[in-house]
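To start, the structure under review is shown below, and the notes come after it.
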Amino acid sequence: IVEYGDLQCPFCKDFAENTLPQIRTVYPTQVKIVYKDFPITAIHPLAQSAAIAGQCSFAQNKFWEMHDLIYANQDTLSEQSFASFSAQLLLNQVQFDSCYTGQIPLPEINQDLAEGQEFGVVGTPTFFVNGIRVDGAQPFSVFQSLIESELNPTPTPTPTGGDDVFFKSQ
């Protein structure tokens, strides 16, 4: 599952807090989640800063922990929040601060944004489950149905090879 998300988006938060844990519980090894940054700064002024903080945490193998902290504190986010979160996660503060203030991940974030736009993403969250597009924070049942159909595809009937499958000219 590829998610194009915005860490300041309330619908992305809903997915992250309600649907994503169910997917991880029911499909712990069968489904890989790939998060792509799609900050919509026109309506979420801290979305790009949050994306940078997330990617700086990724550099220290703590992306998902930062992701969860940002969503848990989404209503009170400020520029200062991200340094506080990095300290809570026991990240190397010098490395995080250098990455964050230098906006080191910005080219990658912009690449994710451009890629999403090429795929027609205009809002968040937008998902691709093995290439099948899902718009919005859909309930677990929607994802479960798609995941099950991808994990257990219905086989296409094939002819058995008997004479009865061929038309004979008369």
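How many of the residues making up the stretch 27-44 are touching a residue at least 24 places away in the same chain (Cβ under 8 Å), farther than 21 Å from residue 95 by Cβ and surrounded by 14 or more Cβ atoms within 10 Å (Cβ to Cβ)? Outline the logic, then answer.
Here is the first cut: in the stretch 27-44, the residues touching a residue at least 24 places away in the same chain (Cβ under 8 Å) are 27, 30-40, 44.
Going one step further and asking which of them are farther than 21 Å from residue 95 by Cβ, we end up with 27, 30-34, 36, 38-40, 44.
Checking the rest, the ones that are also surrounded by 14 or more Cβ atoms within 10 Å (Cβ to Cβ) come to 27, 31, 36, 38-40, 44.
Here the count works out to 7.
Any residue in the stretch 148-161 that is in a helix (DSSP H, G or I), under 16 Å from the mean Cα position of the chain (by Cα) and at pLDDT 95 or above?
The initial filter retains those residues of the stretch 148-161 that are in a helix (DSSP H, G or I), namely 148-151.
Restricting the remaining residues to those that are under 16 Å from the mean Cα position of the chain (by Cα) gives none.
The answer is no, given that none of the residues of the stretch 148-161 is in a helix (DSSP H, G or I), under 16 Å from the mean Cα position of the chain (by Cα) and at pLDDT 95 or above.
Name the residues in the stretch 75-106 that are open to solvent by 20 Å² or more (accessible area, probe 1.4 Å) and of a type in the set (S, T, N, Q), would you?
Correct list: 76, 78, 80, 84, 88, 92, 93, 95, 98, 101, 103.
Give the residue that is surrounded by the most Cβ atoms within 10 Å (Cβ to Cβ), with candidates limited to residues of the stretch 45-72 that are aliphatic (A, V, I, L, M) and out of contact with any helix residue (DSSP H, G or I) (no Cβ under 7 Å at 6 or more places or on another chain).
Kept after step one, since they are aliphatic (A, V, I, L, M), are these residues of the stretch 45-72: 46-47, 50-53, 59, 66, 69-70, 72.
Filter once more, keeping what is out of contact with any helix residue (DSSP H, G or I) (no Cβ under 7 Å at 6 or more places or on another chain): 46-47, 72.
Numbers: 46: 20, 47: 24, 72: 13.
Among residues in the stretch 45-72 that are aliphatic (A, V, I, L, M) and out of contact with any helix residue (DSSP H, G or I) (no Cβ under 7 Å at 6 or more places or on another chain), the one surrounded by the most Cβ atoms within 10 Å (Cβ to Cβ) is 47.
For (1) on the phi < 0 side of the Ramachandran plot; (2) free of Cβ contacts under 8 Å to residues at least 12 places away in the same chain; (3) touching a His at 6+ places or on another chain (Cβ under 8 Å), each residue gets a yes or a no:
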site: 47; (1), (2), (3): yes, no, no
site: 51; (1), (2), (3): yes, no, no
site: 54; (1), (2), (3): yes, no, yes
site: 66; (1), (2), (3): yes, no, no
site: 80; (1), (2), (3): yes, yes, no
site: 103; (1), (2), (3): no, no, no
site: 125; (1), (2), (3): yes, no, no
site: 135; (1), (2), (3): yes, no, no
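The values are calculated or read from the model by the stated rules, or taken from the named source; none is laboratory data. Just so it is clear, the model here is predicted, and its values are computed rather than measured. Note that we place each Cβ from the backbone using ideal geometry, even for glycine, and neighbour counts take in every protein chain shown. Just so you know, the surface numbers come from the protein's heavy atoms only, side chains and all, with ligands and any DNA or RNA stripped out. Shrake-Rupley method; radii C 1.70, N 1.55, O 1.52, S 1.80 Å.
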